Amino acid sequence: MKKSLLLILVSISIFTLSSCSQNPFNALPNTEIINSNTLEFNYYNGKTTEKLFEYTFSKEYYYFVGILDNNYRFTAINNYLDISNEFIDFLEYYDDYIVYDKFINDSYGDKVRLSLGATDGNFNLTNISIDNNIYDVDAYMSIENGLRIVFSYTEFYHNDELIIIPYYLSIIAYDIHEAYLKEYLPVNNDYVPEKAILTKYITHIIPLPPKVSILSSSFDENDNDLKNLGYYMKIIEDTSTNEVHTEKVCSEEITESCFEKEFSVVKGYIYDYSIDEILNFYELNYNGQYDGENFIFINNNLNYKIILGEKTTIRIYNVDDNSSQLEDVINFEITYYNN
């Protein structure tokens, strides 16, 4: 679901809450603080890890990294003008990939307190005047390798100079699961007391337009006999007469005791795009084209089919303040395509 309203509410307290802490460098919940000049994202697909994103600043800054999600959070620690200039450059670098949501935030009045560079026990805050309006912004980006970035920040002008105060940067990989191995296990195996089939998976990133919500993946579907052992394994109890053995995917070299390719199916919503704009997104970036009646695109040498529904209106609820708003969306379904 879209994060805009939630991020706006949280970002209101970004400066005031941070100034109440005795130590500016205390880690936020579920984060650790680092001092680095790099934002990066390492993607593990079930077999290997690959660095898929890296952005380098001109110098080192303090920020908080999520222990579980590797997302980046910022508070009033760094010199506000230095880090503002860094993220102005960041937005200019990815300008061709960005869709913005921008909302006026009138809770600050005509000034905001920002850091000149925190030290132990002191945020070194100073009052910065606001020329006109102050905005909370969500910038949604889809970059070439299929990753999505959501960057939330506050912006305003001070003496005709743009100031950007970062709050949260999330790097997201939406993926499809591919089964690559099936192990037919005996009774009293390591997982269940019955005979069972253990399936192992790798994942592949699927590129999506900047503003999306994932509703479901067939990898997550429940079955009475199916047990999810994590993101890369599932097991199903099987009382058939299958002998204990291992199967790989069928190929020209492997034609017996094998299984045909299996991929999950991903469904969701796309915001702020028409059907033509979605198709154009894939044509420009991922060799999108029609194969008969099927519209396909390519990422990392795999073909995918996307099915688009008609534009519809849904109500998006914000659980934080019980508000809601109507959004125009298009349903999508993405599957592996083997012609």
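Taken over the range 35-51, the criterion of being exposed (fewer than 13 other Cβ atoms within 10 Å of the Cβ), under 17 Å from Phe87 (Cβ atoms) and without any contact (Cβ under 8 Å) to a residue 24 or more places away in the chain is satisfied by Thr38 alone. Against the definition (more than 29 Å from the chain's Cα centre (by Cα) and polar (S, T, N, Q)), how does Ser142 come out, yes or no? When the stated conditions are applied, Ser142 does not pass them.
Which is within 22 Å of Ile330 (Cα to Cα), surrounded by 15 or more Cβ atoms within 10 Å (Cβ to Cβ) and not assigned by TED's automatic domain parsing to the domain that holds Glu144, of Val265, Val249? Working first, answer last.
Values: Val249 fails: within 22 Å of Ile330 (Cα to Cα).
Unique residue meeting the criteria: Val265.
Across the range 218-253, the number of residues qualifying as within 18 Å of Thr203 (Cα to Cα) and among the aliphatic types (A, V, I, L, M) comes to 4.
Restrict the check to the range 205-214 and report whether at least one residue is more than 30 Å from Gly117 (Cβ to Cβ), surrounded by fewer than 14 Cβ atoms within 10 Å (Cβ to Cβ) and out of contact with any Asp or Glu (no Cβ under 9 Å at 6 or more places or on another chain).
As a first pass, look at the range 205-214 and keep what is more than 30 Å from Gly117 (Cβ to Cβ): 205-214.
Within this subset, residues satisfying the condition of being surrounded by fewer than 14 Cβ atoms within 10 Å (Cβ to Cβ) are none.
No: the range 205-214 contains no residue that is more than 30 Å from Gly117 (Cβ to Cβ), surrounded by fewer than 14 Cβ atoms within 10 Å (Cβ to Cβ) and out of contact with any Asp or Glu (no Cβ under 9 Å at 6 or more places or on another chain).
Only one of the numbered conditions (1) farther than 22 Å from Asp175 by Cα; (2) modelled with pLDDT of 95 or more; (3) aromatic (Phe, Trp, Tyr) is not met by Tyr304, and that is (1). Applying the criterion of at least 1 residues that are out of contact with any strand residue (DSSP E or B) (no Cβ under 7 Å at 6 or more places or on another chain) and without any contact (Cβ under 8 Å) to a residue 12 or more places away in the chain to the strands (runs of 3 or more DSSP E) found wholly in the range 207-323 leaves 289-291.
So, in the range 53-100, of the ones that are among the β-branched types (Val, Ile, Thr) and in a strand (DSSP E or B), which residue ends up surrounded by the most Cβ atoms within 10 Å (Cβ to Cβ)?
Taking the range 53-100 first, the residues among the β-branched types (Val, Ile, Thr) are 56, 65, 67, 75, 77, 83, 88, 98-99.
Narrowing further to those that are in a strand (DSSP E or B): 56, 65, 98-99.
On the way: Thr56: 11, Val65: 18, Ile98: 15, Val99: 15.
By that ranking, first place goes to Val65.
Residues in the range 120-175 that are in a strand (DSSP E or B), over 23 Å from Tyr93 (Cβ atoms) and in contact with a Pro (Cβ under 8 Å, 6 or more places away or on another chain): Asn122 alone.
The values are calculated or read from the model by the stated rules, or taken from the named source; none is laboratory data. Since the structure is predicted, the reported quantities are computational estimates derived from the model, not experimental observations. Because the Cβ atoms are built from the backbone with ideal geometry, glycine has one as well, and the counts that use them run over all protein chains shown.
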